[in-house]
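Bear in mind these aren't lab numbers, they're just calculated from the coordinates by the rules spelled out. None of these values were measured; they are calculated from a predicted model. Note that each Cβ is placed from the backbone with ideal geometry, even for glycine, and that neighbours are counted across all protein chains shown.
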Amino acid sequence: MTNSALGAMIHRDIHPSKVAEHAAALDPLVDELWVVEDLPWAGGIAQMTAVLAATEHAVVGHGIAPSPFRAAAALAMEWAALAEMWPGRVACGIGHGVQYWMAQLGVKPASPLTHIEETATAVQRLLAGERVVMEGRYQTVDDVQLVFPPSTPPVVSLGVLGPKSLGLSGRVAGGTVLLEGQGPDEIARARALIDEGRADAGRTDPHRLTVFAGVHLGTIDEVVRNPDAPVGWESIGEDPAAILAELDSLAEAGADAVIAVPMGDPARLVELFGEREI
């Protein structure tokens, strides 16, 4: 791999009682571990806590908290606590949420773009230790300051894909998460849109680009595709070295971290990453 981080997704179908064991097996082999927060599977904060407690090395990411059913202050409090308990090992993601899931909960916003902007802005200000007064269309924070803000605030990334959302991420967030299906060309285009947003906001600070990538070590007949994930780039094969090389191509295209999302038996990620030169 390049200097980019390489990680693995804790698949949403792994039973909560098995999450810690699975994470512990992957921890020595990867740089990052990300948990899924999909309705109606397991909650992200609970999984992050279990993974952080079971591991010693990997950064643990929340991928991705849907902003419509999260109050900004509550999300900031949870992430701040984790960041203080496990300094330097927490990564944070906020997304629009799958819209039909949000409709199931009665929280689908008329403007997902406005919602995620307000949530990300409030959360990052709170994590930075600011006293926040904000009255938006969706998020209201009236004179709130965290008692225990993290000594080093974790990076908050927006999990987005559309051009407007990518530009917004460049303007307001510390990073971006691209969902599965994005190959080198799509990554380069996303980076360009993010950079346009950063330029519009006059930002010169680093912006971390994390890419989720569908992978499977084995035959194509064993693949189980997530119907909620975008269709596009994926790596399938029986040669671990070839898959790792394809993941490396995503890093070379501009990803700061590449997170492998298993499309078959998640246990085979241990075999895949066991071939990695660390």
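Some notes on this structure:
- For Cα Rg over 2.2 N^0.38 Å, the value calculated from this model appears in [x] 1.21; [y] 0.96; [z] 1.01 under label [y].
- Size of electric dipole in the chain: Cβ of Lys, Arg +1 and of Asp, Glu -1, about Cα centre, debye, nearest 20: 980 debye
- Relative contact order of region 47-140: 31 percent, from C-alpha pairs under 8 Å at least 6 residues apart in sequence.
- Of all DSSP beta bridges in the chain, antiparallel share, percent nearest 5: 10 percent
- C-alpha center-to-center spacing [region 10-67, region 180-205] in angstrom: 27 Å
- Protection proxy ranking for 207-216, 137-146, using the average of other Cβ atoms within 10 Å per residue and placing the highest first: 207-216, 137-146.
- Under a 5 Å amide H cut-off, with hydrogens placed 1.01 Å from N, V215 pairs with S235, V261, M263 among residues at least 5 apart or on other chains.
- The listed peptides 222-235, 56-69, 154-167, ordered by packing as a protection proxy, come out as 56-69, 154-167, 222-235 (highest mean of other Cβ atoms within 10 Å first).
- Each Cα pair under 8 Å and six or more residues apart adds its separation to the average, and for region 5-274 the resulting relative contact order is 17 percent.
- Folded to 0 to 90 degrees: helix 72-85 orientation relative to the chain principal axis, Cα: 60 degrees
- Amide hydrogen neighbours beyond the local backbone of G61, cut-off 5 Å, H modeled: L33, W34, V35, A91
- Length available on full extension from E252 to L105: 0.36 nm per residue minus the Cα-Cα distance, which gives 49.0 nm.
- Order by protection proxy (mean Cβ within 10 Å, highest first), peptides 97-110, 173-186: 173-186, 97-110
- Taking the charge dipole of the chain about its Cα centre, with +1 at Lys and Arg Cβ atoms and -1 at Asp and Glu Cβ atoms, the residue from Q104, W79, Q145 reaching farthest to the positive side is Q145.
- Rounded to 10°, Cα long-axis angle of helix 240-252 versus longest principal axis of the chain: 30 degrees
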